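*Asks:* Let me begin by handing over the structure; questions about it come next.
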Amino acid sequence: MDTKHRILDEALTLFSEKGYANVFVADIADRVGIKAPSLYKHYKNKQAIFDAIIEEMNRRFLEQAGALQINGTDALVDAEIYKNISEDQLITLGKNLFLYFLHDEYTRRFRKMLTIEQFHDKKLSDVYMKKYVDDPLSYQGMLLEMMVSAGVLQTENVEIMTLHFYAPIYMLLTICDREPERETEALKTLEAHIRQFNRLYARNEKKHSGQ
């Protein structure tokens, strides 16, 4: 790992351990094993480091999404994929994404930091809301609305349907953050959740079991 990426890695670890406000550039430089002036050659300040962490996290997610053969950010593209996969394939995809968010080091530490800091820093509270509430609900809402328009799902209220899908998954993720030993149980619950969601919202003629 080169110095630039080591700075991001160590900064994220410190942010998740001590909180963003309690970490200074000198602390990050010390953790990396360099002097602060050397760090400034790579990033002009702590905010630049924070922004670079978000960029790296987004890059890693897009790479993972590509490996799972989805776009991950474009609901229009992904709607065409989701329309044509079976329930079992959807469950496999859901589990793989869940495990990625749970175990990817950048994502895990970033989530830990924001979970703590959302109550102390308005800016980080806004980042938390965007990353874990507004953006996922927007993307999944558009995705599900297109599924409804295509006749795959049915509902009178896409917004509520989106909450029904996303909220339990994020709750399971936070449970595993606090109690990692419950991962196996969470994956079983996730599968049951997806199957029940399909039973609740699939059009009668589209309802199936694992096909």
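*Asks:* Among (1) within 27 Å of Lys122 (Cβ to Cβ); (2) out of contact with any Leu (no Cβ under 8 Å at 6 or more places or on another chain); (3) surrounded by 13 or more Cβ atoms within 10 Å (Cβ to Cβ), where does Ser38 come up short?
*Replies:* Going through (1) within 27 Å of Lys122 (Cβ to Cβ); (2) out of contact with any Leu (no Cβ under 8 Å at 6 or more places or on another chain); (3) surrounded by 13 or more Cβ atoms within 10 Å (Cβ to Cβ) one by one, Ser38 breaks only (1).
*Asks:* Does any residue in the range 45-63 that is farther than 13 Å from Tyr100 by Cα come within less than 6 Å, Cβ to Cβ, of a residue that is assigned to a helix (DSSP H, G or I) and of a type in the set (Val, Ile, Thr) six or more places away or on a different chain, and which pairs are these?
*Replies:* From the range 45-63, the pairs are Lys46/Val25.
*Asks:* While we're looking at this one, here's another question. When you look at Phe61, is it crowded, with 17+ Cβ neighbours inside 10 Å, within 25 Å of Glu191 (Cα to Cα), modelled with pLDDT of 90 or more and not assigned by TED's automatic domain parsing to the domain that holds Ala202, yes or no? Reasoning before the result, please.
*Replies:* Details: crowded, with 17+ Cβ neighbours inside 10 Å: yes; within 25 Å of Glu191 (Cα to Cα): yes; modelled with pLDDT of 90 or more: yes; not assigned by TED's automatic domain parsing to the domain that holds Ala202: yes.
Taking the combined requirement at face value, the residue satisfies it.
*Asks:* Another question about this same structure. Does Ala29 fit the bill of being in contact with a Leu (Cβ under 7 Å, 6 or more places away or on another chain) and over 23 Å from Asp104 (Cβ atoms)?
*Replies:* Yes; evaluated as a whole, the condition is true for this residue.
*Asks:* Separate question: So, Asp104, is that one over 30 Å from Arg199 (Cα atoms), among the charged types (D, E, K, R) and at pLDDT below 90 or not?
*Replies:* Numbers: over 30 Å from Arg199 (Cα atoms): yes; among the charged types (D, E, K, R): yes; at pLDDT below 90: no.
So Asp104 fails the test.
*Asks:* Under the condition of being hydrophobic (A, V, I, L, M, F, W, C) and not in a loop (DSSP other than H, G, I, E, B), which residue from the range 102-121 is nearest to Pro180 (Cα to Cα)?
*Replies:* Of the range 102-121, the ones hydrophobic (A, V, I, L, M, F, W, C) are 102, 110, 113-114, 116, 119.
From the residues that got through so far, the ones that are not in a loop (DSSP other than H, G, I, E, B) too are 102, 110, 113-114, 116.
Working: Leu102: 9, Phe110: 17, Met113: 17, Leu114: 19, Ile116: 18 Å.
Looking at the filtered set, the residue picked out is Leu102.
*Asks:* State all residues of the range 181-200 that are modelled with pLDDT under 95 and either over 21 Å from Glu87 (Cβ atoms) or crowded, with 18+ Cβ neighbours inside 10 Å (or both); if no residue qualifies, say none.
*Replies:* Asn198 - this is the single residue of the range 181-200 that is modelled with pLDDT under 95 and either over 21 Å from Glu87 (Cβ atoms) or crowded, with 18+ Cβ neighbours inside 10 Å (or both).
*Asks:* Still on this structure: Run down Met171, Met161 and say which single residue is over 15 Å from the mean Cα position of the chain (by Cα), in the same structural domain as Tyr106 (by TED's automatic domain parsing), at pLDDT 95 or above and among the hydrophobic types (A, V, I, L, M, F, W, C). It would help to see each step written out before you state the result.
*Replies:* Numbers: Met171 fails: over 15 Å from the mean Cα position of the chain (by Cα).
From the options Met171, Met161, the qualifying one is Met161.
*Asks:* Residue by residue through the range 55-69, note down the ones that are aliphatic (A, V, I, L, M) and not in a helix (DSSP H, G or I).
*Replies:* Within the range 55-69, the first condition is being aliphatic (A, V, I, L, M), and the residues that meet it are 57, 62, 65, 67-68.
Passing the criteria: only Leu68.
*Asks:* Can you give me the number of residues within the range 69-98 that are touching a residue at least 12 places away in the same chain (Cβ under 8 Å) and either within 30 Å of Leu12 (Cα to Cα) or of a type in the set (Lys, Arg) (or both)? Steps first, please.
*Replies:* First, pick out the residues of the range 69-98 that are touching a residue at least 12 places away in the same chain (Cβ under 8 Å): 69-70, 73, 75-76, 78-79, 81-83, 86-88, 90-91, 93-98.
Next, from what is left, pick out any that are either within 30 Å of Leu12 (Cα to Cα) or of a type in the set (Lys, Arg) (or both): 69-70, 73, 75, 83, 93-98.
So the count comes out to 11.
*Asks:* Report the residue count in the range 71-89 for those that are in a helix (DSSP H, G or I), aliphatic (A, V, I, L, M) and surrounded by fewer than 18 Cβ atoms within 10 Å (Cβ to Cβ).
*Replies:* Going residue by residue through the range 71-89, those that are in a helix (DSSP H, G or I) are 75-83, 87-89.
Those left that are additionally aliphatic (A, V, I, L, M): 75-77, 79, 81.
Remaining after also requiring surrounded by fewer than 18 Cβ atoms within 10 Å (Cβ to Cβ): 76-77, 81.
Selection size over the range 71-89: 3.
*Asks:* For the range 174-197, how many residues are under 15 Å from the mean Cα position of the chain (by Cα) and either outside the structural domain of Met129 (by TED's automatic domain parsing) or of a type in the set (D, E, K, R) (or both)? First the steps, then the outcome.
*Replies:* To start, the set of residues in the range 174-197 that are under 15 Å from the mean Cα position of the chain (by Cα) comprises 174-177.
If we keep only those that are either outside the structural domain of Met129 (by TED's automatic domain parsing) or of a type in the set (D, E, K, R) (or both) as well, we get 177.
Residues meeting the conditions: 1.
*Asks:* So which residues in the range 23-37 are within 16 Å of Met1 (Cβ to Cβ) and either touching a residue at least 24 places away in the same chain (Cβ under 8 Å) or outside any helix (DSSP H, G or I) (or both)?
*Replies:* Val32, Gly33, Ile34
*Asks:* Picking from Phe50, Phe24, which residue would you name as being within 20 Å of the chain's Cα centre (by Cα) and more than 30 Å from Glu145 (Cβ to Cβ)? Steps first, please.
*Replies:* Details: Phe24 fails: within 20 Å of the chain's Cα centre (by Cα).
Criteria check complete, one pass: Phe50.
The values are calculated or read from the model by the stated rules, or taken from the named source; none is laboratory data. From a predicted model like this one, the values you see are computed outputs, not experimental measurements. Here the Cβ is made from the backbone with ideal geometry for all residues, glycine too, and neighbour counts use every protein chain on show.
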